[in-house]
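The values are calculated or read from the model by the stated rules, or taken from the named source; none is laboratory data. Since the model is a prediction, treat every value here as computed from it, not as a measurement. Note: ideal-geometry Cβ built from the backbone for every residue, glycine included; neighbour counts use all protein chains shown. Calculation scope for accessible area: heavy atoms of the full protein, side chains included, ligands and nucleic acids excluded. Shrake-Rupley method; radii C 1.70, N 1.55, O 1.52, S 1.80 Å.
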Amino acid sequence: MGDWSGRRARDVAGIGRRCYAFQARKSANEVLRAYNDWLKPAELEIAQFATLGAILQDNAASIGELAGLLGVERTTLVRNLKVLEKRGLVKVATRTSRCLTHALTPEGATLLSKALPLWEQAQAAMEKALGP
């Protein structure tokens, strides 16, 4: 199984401090938590807010196009859309054998309007902390 004592053990133990991928993921999670905290009064998470915004931006986009726009896997987007549908914030706009699109419901549009100033506050706080 190998020798996990001495230098090799110290090298492995230090990966979390030195690994760019680990640190990037950790930083991204902290940023996500901060945005989620700002959006709590709207009862939205940043991924849901972004999904609502993407649908508003291009409600003719297919699931694949929306996933690309949001930078998420299709399966992740489908899970998020189901949550938003269940909450009555989005609805299926078109369904064909080859394409499925979504649209905001009036409730979804209202919530997005309520959440936008919260996101703007979060964005301003992030820009102040991290720079533009």
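Please determine, in degrees from 0 to 90 and to the nearest 10, the orientation of helix 74-86 with respect to the longest principal axis defined by the Cα atoms of the chain, where the helix direction is its Cα long axis.
Computed tilt is about 50 degrees.
For region 1-107, which whole-number percentage of the solvent-accessible area (1.4 Å probe, protein heavy atoms only) is attributable to carbon and sulfur atoms?
54 percent
How far is the Cα center of region 1-69 from the Cα center of region 90-122, in Å?
22 Å
Over the chain, what is the mean sequence separation of C-alpha contacts under 8 Å (at least six apart), divided by residue count, expressed as relative contact order in percent?
Taking the mean separation of contacting Cα pairs over the length of the chain, I get 23 percent.
Just want the answer: with Cβ charges of +1 for Lys and Arg and -1 for Asp and Glu, which residue in Thr94, Gly68, Ala54 is farthest toward the dipole's positive end in region 34-132?
Thr94
Using only Cα atoms, tell me the angle between helix 46-57 and the longest principal axis of the chain; keep it within 0 to 90° and round to the nearest 10.
Result, in degrees: 40.
At 1.4 Å probe size, put Ile55, Ile46 in order of accessible surface, largest to smallest.
Largest accessible area first, the list is Ile46, Ile55.
Output the relative contact order of region 16-89, whole-number percent, from Cα pairs under 8 angstrom with separation of 6+ residues.
19 percent
To the nearest 10 degrees, how steeply does helix 20-39 sit against the main Cα axis of the chain, on a 0 to 90 scale?
With both axes taken from Cα atoms, the answer is about 40 degrees.
So, for the chain, what is the accessible surface per residue at a probe of 1.4 Å, expressed in square angstrom?
Counting only protein heavy atoms, the per-residue value for the chain is 69 Å².
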